[in-house]
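The values are calculated or read from the model by the stated rules, or taken from the named source; none is laboratory data. Quantities reported herein were computed from a predicted structural model and do not represent experimental measurements. Glycine gets a Cβ as well: all are built from the backbone with ideal geometry, and neighbour counts include every protein chain shown. Calculation scope for accessible area: heavy atoms of the full protein, side chains included, ligands and nucleic acids excluded. Shrake-Rupley method; radii C 1.70, N 1.55, O 1.52, S 1.80 Å.
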Amino acid sequence: MINNIDLSKIVKRLELIKSLIVLEEEEDIAEQVIKLQQLQTNEEIKEIIFHLQQKSYGKAIKHIEEFIN
């Protein structure tokens, strides 16, 4: 289970990653994925991380938006 503090950090990090994808900043995306992995996450986040690691950015953005909304 994700507690409120972690959820807030996760959402902010996902929003940042989404912006980095738009800017095509792959090195920064990779750095943020590492930081995201250090947080307590659930299966939804693990799926987003998988898509980011595969550089499937379209799928990653779709899942990020679904998670945030």
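Summary of computed values
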{"read-out": "Set Glu27, Glu31: member being on the phi < 0 side of the Ramachandran plot, within 12 Å of the chain's Cα centre (by Cα) and acidic (Asp, Glu)", "value": "Glu31"}
{"read-out": "Helices (runs of 4 or more DSSP H) wholly inside the chain containing at least 2 residues that are in contact (Cβ under 8 Å) with a residue 40 or more places away in the chain and of a type outside the set (Lys, Arg)", "value": "4-23, 57-68"}
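So that you can scan it fast, the table gives a plain yes or no per residue for (1) open to solvent by less than 60 Å² (accessible area, probe 1.4 Å); (2) more than 12 Å from the chain's Cα centre (by Cα):
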{"residue": "Asp6", "(1), (2)": "yes, yes"}
{"residue": "Leu16", "(1), (2)": "no, no"}
{"residue": "Leu20", "(1), (2)": "yes, no"}
{"residue": "Glu44", "(1), (2)": "no, no"}
{"residue": "Phe50", "(1), (2)": "no, no"}
